[in-house]
Amino acid sequence: MTFLLVCKGEMAKQRRNYFSTWSTYISLLLWPILTVGTVIYSYKSFDVSMLNVIGIHSESDLWIFLLTGFLCYNCFWVMVQSAFFMQRERQNGTLETIFLAPAPRLAIMYGRSLGALFQSTWILLLYTVAVLLIQRDKIVGVIVTLPVVYIIVIVSAVCWGGFINSIFVISRDIDFWFSLCDEPMKLLAGVSLPVKIMPMILRVISAIFPLTYSLEIIRQLLVGGGIDFYVLSKYIIANLVVVAITAFILSKAEQNNRVTGNLSLY
């Protein structure tokens with residue numbers, strides 16, 4: 001019960017403090033739409049039949065591939081943006097105050113993540129409408145599949161958000177992590193380019209991002225009609241590892257705080 005109450009409080013705080021400005025909504029609404037449009041029209045320069053080798057057999061498959069990529073990426077990117085606001089907590093001197101509160105540390109991290117994710121509800125609604133229109137010939141199957149899709153992306157995004165928030169707690173070099181989780185994540189996780197066509201070294205690096213497995217599962221569900229349980233097991237393991245690392249980081253930060261009075265490890 002305490003865990004849920006702390007999550008609820010952090011969610012309300014996120015909404016009131018950070019998601020009530022025009023600049024925030026422009027970044028959440030306008031830029032994703034422009035980016036998706038740019039990628040879609042780039043692909044339209046090529047014959048879709050050339051993409052058969054990566055499992056895209058029609059224009060509707062291509063639309064699902066790209067829209068799924070940017071739905072998931074936006075949810076993960078909002079997590080990074082939420083964590084970036086941790087810098088304000090540090091500047092205002094309230095970061096340490098948060099950790100002095102008698103509240104579960106993981107609840108604080110995941111509350112921040114959930115609070116940010118709710119701002120992307122509009123993208124989930126748009127995605128639902130788009131997928132139903134694209135695959136209207138098998139609308140019943142899509143309606144059954146979409147709830148599973150949303151569970152997959154929300155669980156993974158929240159786990160990632162907790163991890164990124166914990167990183168931003170212990171590090172003063174926030175710009176480095178912010179940059180690492182933008183273009184590299186978009187490229188290596190297969191948002192608009194299939195991971196299977198990348199060089200082996202990039203495919204190995206892509207395994208770091210839980211977004212990679214989320215995209216693979218969701219695309220299998222919507223385009224292939226089923227789930228590869230090997231990929232599902234990697235998805236589960238990746239998210240469990242992220243949660244374990246998050247708990248470890250927060251524990252180390254708290255130990256450091258007791259000794260030095262500072263949460264930053266570097």
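If you check residue 11 against the conditions, is it under 17 Å from the mean Cα position of the chain (by Cα), farther than 27 Å from residue 194 by Cβ and at pLDDT below 80?
yes
Which pairs turn up if I take residues in the range 103-130 that are free of Cβ contacts under 8 Å to residues at least 40 places away in the same chain and under 20 Å from residue 148 (Cα atoms) and look for partners that are surrounded by fewer than 23 Cβ atoms within 10 Å (Cβ to Cβ) and not hydroxyl-bearing (Ser, Thr, Tyr) with beta carbon separation below 8 Å, at least 6 apart in sequence or on another chain? These pairs meet every condition: 128/146. Can you spot a residue in the range 168-176 that is within 15 Å of residue 76 (Cβ to Cβ), acidic (Asp, Glu), open to solvent by 60 Å² or more (accessible area, probe 1.4 Å) and out of contact with any Cys (no Cβ under 9 Å at 6 or more places or on another chain)? No.
So how many residues does the range 215-228 have that are open to solvent by 40 Å² or more (accessible area, probe 1.4 Å) and modelled with pLDDT under 85? Reasoning before the result, please.
Filtering the range 215-228 down to residues open to solvent by 40 Å² or more (accessible area, probe 1.4 Å) leaves 216, 220, 223-225, 227-228.
Cutting the leftovers down to modelled with pLDDT under 85 gives us 223-225, 227-228.
Adding up the residues that qualify gives 5.
In the range 233-245, the qualifying residues are those that are among the β-branched types (Val, Ile, Thr) and closer than 16 Å to residue 76 by Cα, and the one that is surrounded by the fewest Cβ atoms within 10 Å (Cβ to Cβ) is 243. The requirement of being buried (at least 16 other Cβ atoms within 10 Å of the Cβ) and closer than 30 Å to residue 6 by Cβ is not satisfied by residue 195. Elements of the type helices (runs of 4 or more DSSP H) sitting completely within the range 144-246 and holding at least 1 residues that are touching a residue at least 24 places away in the same chain (Cβ under 8 Å), among the aliphatic types (A, V, I, L, M) and closer than 15 Å to residue 80 by Cα: these cover 174-180, 183-188, 210-219. When the range 166-214 is limited to residues that are acidic (Asp, Glu) and under 17 Å from the mean Cα position of the chain (by Cα), the one that is modelled with the lowest pLDDT turns out to be 182.
On the basis of being under 14 Å from residue 71 (Cα atoms), among the aliphatic types (A, V, I, L, M) and surrounded by 18 or more Cβ atoms within 10 Å (Cβ to Cβ), does residue 146 make the cut? When the stated conditions are applied, residue 146 passes them. Residues to consider are 23, 60; find the one that is out of contact with any Cys (no Cβ under 7 Å at 6 or more places or on another chain), at pLDDT 75 or above and in a helix (DSSP H, G or I). The match here is 60.
The values are calculated or read from the model by the stated rules, or taken from the named source; none is laboratory data. The model shown is predicted, which means the values in this text are computed figures rather than measured ones. In this analysis, Cβ positions are derived from the backbone assuming ideal geometry, glycine residues included, and neighbour counts consider all displayed protein chains. Ligands, DNA and RNA are excluded from the accessible area calculation, which covers all protein heavy atoms including side chains. Shrake-Rupley method; radii C 1.70, N 1.55, O 1.52, S 1.80 Å.
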